[in-house]
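> My questions will all concern the structure given below.
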Amino acid sequence: MRRTLLAGLGSALAGPALAETYPSRPITLVVPFAAGGPTDLMARIIGERMGKELGQQFIIDNTTGAAGTIAVGKAVRAAPDGYTISIGHLGTHVANGTIYKNLSYDLLTDLLPIARLPSNPMLVVSANAVPAQNLKELVDYLKANPDKVSGGTAGIGSASHLGALAFFAATGARYQLVPYRGTGPAVQDLIANQIQVMVDQSSNSLPHVRAGKIRAYAVTAKDRSAAAPEIPTAAEAGYPMEVAIWHGLWAPKGTPAAIVEKLNAAAVATLQDPAIRSRMEDLGQDVPTPTEMAPAAFAAFQRAEYAKWQKILSDANVKVE
């Protein structure tokens, strides 16, 4: 009994003691997508600044494949010592839990939320040839032409796919989904009127809206985006719909709480840096408040998003065996 008590006391003291010297070597940041994409860019911008805050380099580890499930599995199996953490988003850490029926891990229990990161709201957009001039007219147009309108996605579980499903659920309208290998080719076909509608990340579509190549109807956020305040929210047209591709940082289950708090503090300091905030806003990203970034608040947010998307994806019967 005495040995058990001493062992327990030792474990309790190990976390704070380890946190005092942490980090003493570089930190690996597992990224579930290839270099050059929006998640990779987020990881590099934030990782570099957090590294300065903590006095150690962040090493970017791009582990691709299976819609991010391989990278998340790698992060789950990493030693819980704070030296391997991961970045992910709505798709990798929420939607995949419903879409993929045979995951070897639980997204809500096998990882510890460190910090919520910036989010990219989505835009409901169309080809200029579509006659609708506002969101209500677009919904009416789609309902009147259910088999004549098509919209692009970057595949199952992609941001544009999730956006389309949320749009269907909020409006009752539908269009034919056309999968592409990426949003780039889909947007080009939208510009050419080969497809007519998309719900896409604002960072992808906003430049084309401002160039007059496509039309924007609404932003799928609670409030108007700081990056495009002239575009109304979907709720303003009577269709409450909140879809943002938010990012976050996670640590393996078992990582000492003191280390998680230290990483969170570095992330908060990073996003309070005016230069980093300006960079995020230039990319069309909305920056969360320090309160929203707190581990407990982020965990609650992730659970709420999980429940929301589990219903949407299940109702749409979206799954990969």
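> Could you tell me what percent of the DSSP beta bridges with both partners in the chain are antiparallel, to the nearest 5?
60 percent
> Here is a follow-up. Please state the relative contact order of the chain as a whole percent: Cα pairs under 8 Å, 6+ residues apart?
Normalised by residue count, the contact order of the chain is 26 percent.
> Can you find, among Val209, Thr233, Trp246, the residue sitting farthest towards the positive end of the charge dipole of segment 179-321, where Lys and Arg contribute +1 and Asp and Glu -1 at Cβ?
It is Trp246.
> Okay, next question. Can you tell me the 0 to 90 degree angle between the C-alpha axis of helix 295-315 and the longest principal axis of the chain, rounded to 10?
With both axes taken from Cα atoms, the answer is about 40 degrees.
> Taking the Cα atoms only, what angle lies between the long axis of helix 2-21 and the longest principal axis of the chain, rounded to 10 degrees?
In the chain, helix 2-21 runs at an angle near 60 degrees to the longest axis.
> Something else now. Which of the aspartates and glutamates could a cross-linker bridge to Lys308, judged by Cα under 12 Å and excluding same-chain residues fewer than eight apart?
Lys308 reaches Glu242.
> Further question on the same structure: Is the shape of segment 209-321 rounded, prolate or oblate, going by the alpha carbon gyration tensor and its root eigenvalues a ≥ b ≥ c, with a/c under 1.5 for rounded and a/b larger than b/c for prolate?
oblate
> Could I ask something else about it? Around Pro207, under 12 Å between beta carbons, what's the net of Lys plus Arg minus Asp minus Glu among the other residues?
Net charge in that neighbourhood comes out at 0.
> For helix 38-54, what angle does its Cα long axis make with the longest principal axis of the chain, in degrees from 0 to 90 and rounded to 10?
Helix 38-54 and the main axis of the chain meet at about 30 degrees.
> Between Lys308 and Ala35, what is the label-to-label distance in nm when each label sits 7 Å out along the Cα-to-Cβ direction?
3.4 nm
> What is the sum of charges around Ala173, taking Lys and Arg as +1, Asp and Glu as -1, for the other residues whose C-beta is under 13 Å from the C-beta of Ala173?
+1
> Across segment 219-227, in residue order, what do the Karplus-derived ³J(HN,Hα) couplings come to in whole Hz, using 6.51 cos²θ - 1.76 cosθ + 1.60 with θ = phi - 60° and x for Gly and Pro?
Working through the residues one at a time gives 9, 8, 9, 5, 10, 4, 6, 5, 6 Hz.
> Which value, in debye to the nearest 20, gives the size of the charge dipole of the chain about its Cα centre, when Lys and Arg are +1 and Asp and Glu are -1 at the Cβ?
480 debye
> Right, here's the next one. Sorted by accessible area with a 1.4 angstrom probe, largest first, how do Arg116, Arg77 fall?
Final ranking, largest accessible area leading: Arg77, Arg116.
> As a test question: what accessible area, to the nearest 10 Å², does Asp140 have when a 1.4 Å probe is rolled over all protein chains in place?
70 Å²
> Another one. With a sphere of radius 11 Å drawn around the Cβ of Glu230, what net charge do the other residues whose Cβ falls strictly inside it have (Lys, Arg +1; Asp, Glu -1)?
Combined, the nearby Lys, Arg, Asp and Glu give +2.
> Treating cross-link reach as a plain straight distance, find the lysines whose alpha-carbon is under 20 Å from the alpha-carbon of Lys253, omitting any fewer than eight places away in the same chain.
List returned: Lys74, Lys262.
> I'm spelling it out carefully: the read-out is Cα Rg over 2.2 N^0.38 Å, the candidates are (i) 0.99; (ii) 1.06; (iii) 1.29, and one was derived from this structure. Which label?
Recomputing Cα Rg over 2.2 N^0.38 Å here picks out (ii).
> Scan around Ala115 for amide H atoms under 5 Å from its own, H built in the peptide plane at 1.01 Å from N, and keep only partners 5 or more places away or cross-chain.
Amide H neighbours of Ala115: Leu249.
> Dipole of segment 98-158, Cα-centred, from +1 at each Lys and Arg C-beta and -1 at each Asp and Glu C-beta, to the nearest 20 debye?
80 debye
> Output ³J(HN,Hα) for segment 104-118: one whole-Hz value per residue in order, computed from phi by the Karplus curve 6.51 cos²θ - 1.76 cosθ + 1.60 with θ = phi - 60°, and x for Gly and Pro.
8, 9, 10, 5, 8, 10, 9, 9, 9, x, 9, 7, 6, 10, x
> Okay, next question. Could you please state how large a percent of the accessible area of the chain is carbon and sulfur, counting protein chains only and using a 1.4 Å probe?
Here it works out to 54 percent.
> About the Cα centre, and with charges only on the beta carbon of Lys, Arg (+1) and Asp, Glu (-1), how big is the dipole of segment 178-296? Nearest 20 debye, please.
It comes to approximately 260 debye.
> Pop out the ³J(HN,Hα) list for segment 269-284 in order, Karplus 6.51 cos²θ - 1.76 cosθ + 1.60 with θ = phi - 60°, rounded to Hz; leave Gly and Pro as x.
4, 4, 7, 8, 5, x, 5, 5, 4, 5, 5, 5, 5, 4, 8, x
> Provide the per residue accessible area, probe 1.4 Å, for segment 65-214, rounded to a whole number of square angstrom.
Ligands and nucleic acids excluded, the result is 37 Å² per residue.
> Near the amide H of Thr84, under 5 Å away, which other amide H atoms are found, from residues 5 or more places off or on another chain, if H is placed in the peptide plane?
Thr28
The values are calculated or read from the model by the stated rules, or taken from the named source; none is laboratory data. Everything numeric here is computed off the predicted structure, so don't read it as measured data. Cβ atoms come from the backbone with ideal geometry, glycine included; neighbour counts cover every protein chain shown. Note: areas computed on protein heavy atoms with side chains; ligands, DNA, RNA excluded. Shrake-Rupley method; radii C 1.70, N 1.55, O 1.52, S 1.80 Å.
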